[in-house]
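Throughout, read-outs are computed from the coordinates displayed, never taken from laboratory work. What you see is a predicted model, and the numbers here were worked out from it, not measured in a lab. Here the Cβ positions follow ideal geometry from the backbone for every residue, glycine too, while neighbour counts run over all protein chains shown.
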Amino acid sequence: MKAVVVENLVKDFGNFRAIDCVSFEVEEGEVFGILGPNGAGKTTTIKILITLLKPTKGRAFVAGYDVLKSASDVRKNIGVVFQETTLELEFTARENLDFHARLYGMSKAEREKRIEEMLNLVELESFSDKLVKTFSGGMKRRLEIARGFLHNPKILFLDEPTLGLDAKTRRKIWKYIEELKGSSTIVLTTHYIEEAEKLCDRIVVMNKGKIVAMDSPKNLKAEDRVVIYSSKEDLDLIKKNFGSLIVSEDDGKVELLVKDVESFIPKLFEVAKVKEMSIKRSTLEDAYIKMVE
Ligand SMILES: Nc1ncnc2c1ncn2[C@@H]1O[C@H](COP(=O)(O)OP(=O)(O)OP(=O)(O)O)[C@@H](O)[C@H]1O
Ligand SMILES: [Mg+2]
């Protein structure tokens with residue numbers, strides 16, 4: 001069964017179309033990223049999937065349940081970390097988690113065990129009885145992630161999980177997400193390209209309510225540019241073997257566009273001698289910026 005199925009989804013706010021015929025599927029166990037500039041429709045998509053907003057047109061299924069017809073079954077199967085904090089600031093960390101666990105009908109023994117586990121995971125054990133209003137932004141985010149996973153949801157939705165966090169805390173959160181990867185399906189939105197590249201098996205890029213690309217981070221990148229300087233004989237051998245990759249040639253050099261430079265280089269050295277070579281790596285950020293221009 002697919003974890004998430006979205007079919008021709010449309011969301012209008014008055015006469016403004018925020019989501020324009022979006023379709024995608026998320027496999028079980030996958031980490032699926034939604035990338036896109038401000039206002040692209042990421043949060044709106046997530047809100048429809050977690051049953052907080054109704055679509056104008058189209059259908060969506062989460063854990064096999066229709067978000068319109070079976071909203072309560074959808075809710076039982078998901079965890080959510082919202083873009084804005086929804087923690088109870090006057091509660092302690094443990095109280096926040098306990099309240100959430102009760103909402104999900106967890107037994108006392110189960111609650112105590114899971115709360116300890118999750119506090120350990122996000123390294124907040126020693127702050128468990130402090131009021132959340134005394135927490136820093138990073139601590140609140142970590143607690144929200146602990147809460148999102150507390151009831152072992154089949155599918156976790158994270159809307160900008162590391163928004164505004166320093167690089168070190170962000171990396172910690174990536175570590176938790178990677179640790180949790182195997183046990184749940186994760187759908188996350190982010191503005192950090194590096195985050196999407198590191199965590200996601202696949203990425204959908206949205207712009208102005210539409211999907212503009214969907215693939216693995218590796219496939220979304222453009223080709224790397226390789227310039228090779230060599231003797232005429234060797235350049236002839238390169239042209240013979242890799243002709244389709246060549247984009248320009250000049251006296252003593254050729255320029256190629258290569259999708260997978262790691263596997264290209266050994267093949268190159270098998271066929272020709274190289275005097276000098278330069279490689280300009282393409283980045284996911286370059287590809288992304290082109291897509292949303
Ligand atoms: N309740 C609403 N009423 C009217 N317009 C809305 C509402 N919610 C969202 N929108 C509009 O829909 C569009 C998509 O918003 P959404 O919050 O989904 O964007 P986003 O991709 O999550 O952006 P960000 O990166 O800034 O979080 C925006 O133009 C926004 O102004
Ligand atoms: Mg958003």
Given points 7 Å out from each Cα along the Cα-Cβ axis, report the GLU276 to THR86 separation in nanometres with one decimal.
5.9 nm
Within the stretch 1-95, report the GluC sites (Glu not before Pro) that DSSP leaves as loop and that have at most 10 other Cβ atoms within 10 Å.
GLU84, GLU90
If you line up the long axis of helix 108-121 against the longest principal axis of the chain, both from Cα atoms, how many degrees apart are they, to the nearest 10?
40 degrees
Strictly over 23 Å apart at the Cα level, which of LYS11/LYS154; LYS47/LYS175; LYS54/LYS172; LYS198/LYS290; LYS130/LYS172 would you flag in this model?
LYS11/LYS154; LYS47/LYS175; LYS54/LYS172
DSSP beta bridge pairing in the stretch 4-219, given as percent antiparallel to the nearest 5
55 percent
Restricting to DSSP loop positions (anything but H, G, I, E, B) with no more than 14 other Cβ atoms inside 10 Å of their own Cβ, which trypsin sites (Lys or Arg not before Pro) remain in the stretch 20-108?
LYS69
Between GLU112 and LYS133, what is the spin-label point distance in nm, taking each point 7 Å from the Cα along the Cα→C-beta axis?
3.0 nm
Can you list the GluC sites (Glu not before Pro) in the stretch 103-155 that are in a DSSP coil and have 15 or fewer other beta carbons within 10 angstrom?
GLU123
Under a Cβ-only charge scheme (Lys and Arg +1, Asp and Glu -1), can you give me the dipole magnitude of the chain about the Cα centre, in debye to the nearest 20?
740 debye
Nearest-20 debye value, the stretch 222-282 charge dipole, Cβ charges on Lys, Arg, Asp, Glu
60 debye
Sequence gap at least 6, Cα distance under 8 Å: using those rules, report the relative contact order of the chain to the nearest whole percent.
20 percent
What is the sum of charges, Lys and Arg at +1 and Asp and Glu at -1, for the other residues whose Cβ falls under 10 Å from the Cβ of LYS275?
0
What's the percent breakdown of Cα-Cα distances in the stretch 1-135 across 10 Å bins, shortest bin first?
11, 33, 30, 22, 5, 0
For the stretch 136-149, take each phi angle, set θ = phi - 60°, evaluate the Karplus expression 6.51 cos²θ - 1.76 cosθ + 1.60, and give the result in whole Hz per residue in order, putting x for glycine and proline.
6, x, x, 5, 4, 4, 5, 5, 5, 5, 4, 5, x, 8
Using the basic label-point model (7 angstrom from Cα toward the beta carbon), what is the THR56 to SER23 distance in nanometres?
1.9 nm
LYS69-PHE16 FRET efficiency (beta carbon distance; Förster radius 30 Å; 0.05 resolution):
0.70
How much net charge surrounds TYR65 when only the other residues with a Cβ under 11 Å from the Cβ of TYR65 are counted, with Lys and Arg +1 and Asp and Glu -1?
+2
